[in-house]
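Report on one structure; see the data block that follows.
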Amino acid sequence: MTPGAGPPRSRNRRGEGGRLRAEILAAATALLDAGGDPRAVTLRAVARHAGITAPSIYRHFHDRPAILLDVVRQAFADLSGRARTALAEAGPDPRHRLHAVCHAYLGFAQEHPERYGAMFGGTWTPEAALGEEALRVLTGCLADCVAAGHCASTDPAADAVALWLGLHGLAHQRAVTDVFPWPADIVERIAFPLSRLTSGGLPS
C-alpha cells in the first residue's frame, strides 16, 4: 500500500454515490487536520487517502477548490451545531447562554485549528451564506439579553458582528501566541463589552 494511503476501498453499489462523496470529504478533512495547510489537500492526496483513483473524484467534485469549499461548509456547520448544543445546555438565563456560545466558538477554534484557519483563510471560493447560521445564534443570544433587560444593544445584529470579530481575534491570537499570559477572564473581558451587557458579569 502506498504510504499515507487509506485501506483498499470496496466498490459502491448502485445508489451509494453519496457514500463516496462523504469519504472524499472525510479524506480531505483528515489531510487538512494532519498537514495544517490547505495546500496539502490535493486531488492525488485525497484519492490516495480515500483508497480510490483520482478520476473517481470528478464524479462528485470538479476540482480541488470545490472539495475545499465543501470542507469549509462542513466546518461551519459543525461550528453552528456546537454553538446550538451549548445554547441548549446553558439553562434559561440569556447571559449564561451567550457566555456558553462564546466559549463554544473559541473551543471549536482551539480544538480544530487547521479547519478554523481554512474557514477564514481565503483558500476557497467565497460563499455569502457561510457563517450565517453561527452568526444567527449570536444575534439571537443578544436579542434575548435585550428582551430580558440585561443588554443595552439597539442593534443586536450589528453588535453580534462586532462580538464575532472580537472572538475571532482572540481565537487567532491564541493560535499564534502560545506563551502569552492571557487573563483568566479574557473571554468575559472581550465578550461582555462588545455584547453591551448592562451587568458587570454573570449571575451566580
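The values are calculated or read from the model by the stated rules, or taken from the named source; none is laboratory data. Here the structure is a predicted model, which is why all the values come from computation and not from measurement. Neighbour counts are summed over all protein chains in view; Cβ atoms, including those assigned to glycine, are modelled from backbone coordinates with ideal geometry.
Tallying residues that are on the phi < 0 side of the Ramachandran plot and in a loop (DSSP other than H, G, I, E, B) within the stretch 138-164 yields 6. For the stretch 165-189, the set of residues classified as without any contact (Cβ under 8 Å) to a residue 40 or more places away in the chain, among the hydrophobic types (A, V, I, L, M, F, W, C) and either under 14 Å from Gly140 (Cα atoms) or assigned to a helix (DSSP H, G or I) (or both) consists of Leu165, Val176, Ile186, listed by residue number. The residue of the stretch 150-184 that is surrounded by the most Cβ atoms within 10 Å (Cβ to Cβ), among those that are of a type in the set (D, E, K, R) and more than 17 Å from Gln110 (Cβ to Cβ), is Asp159.
Here the stretch 39-95 is the region considered, the condition is being assigned to a helix (DSSP H, G or I) and among the acidic types (Asp, Glu), and the residue that is nearest to the chain's Cα centre (by Cα) is Asp78. Restricting attention to the stretch 24-33 and to residues that are touching a residue at least 24 places away in the same chain (Cβ under 8 Å) and either among the β-branched types (Val, Ile, Thr) or more than 11 Å from Ala118 (Cβ to Cβ) (or both), the residue that is surrounded by the fewest Cβ atoms within 10 Å (Cβ to Cβ) turns out to be Ala26. Residues that are among the charged types (D, E, K, R), modelled with pLDDT under 95, out of contact with any Leu (no Cβ under 8 Å at 6 or more places or on another chain) and more than 24 Å from Gly18 (Cα to Cα) occur at least once in the stretch 120-132. On inspection, Pro113 passes the criterion of being closer than 20 Å to Ala27 by Cα, modelled with pLDDT of 90 or more, in contact with a helix residue (DSSP H, G or I) (Cβ under 6 Å, 6 or more places away or on another chain) and not β-branched (Val, Ile, Thr).
For the stretch 44-74, a residue qualifies if it is over 28 Å from Glu133 (Cα atoms) and touching a residue at least 24 places away in the same chain (Cβ under 8 Å), and the qualifying residues are Ala45, Arg48, His49, Ala50, Gly51, Ile52, Ser56, Ile57, Arg59.
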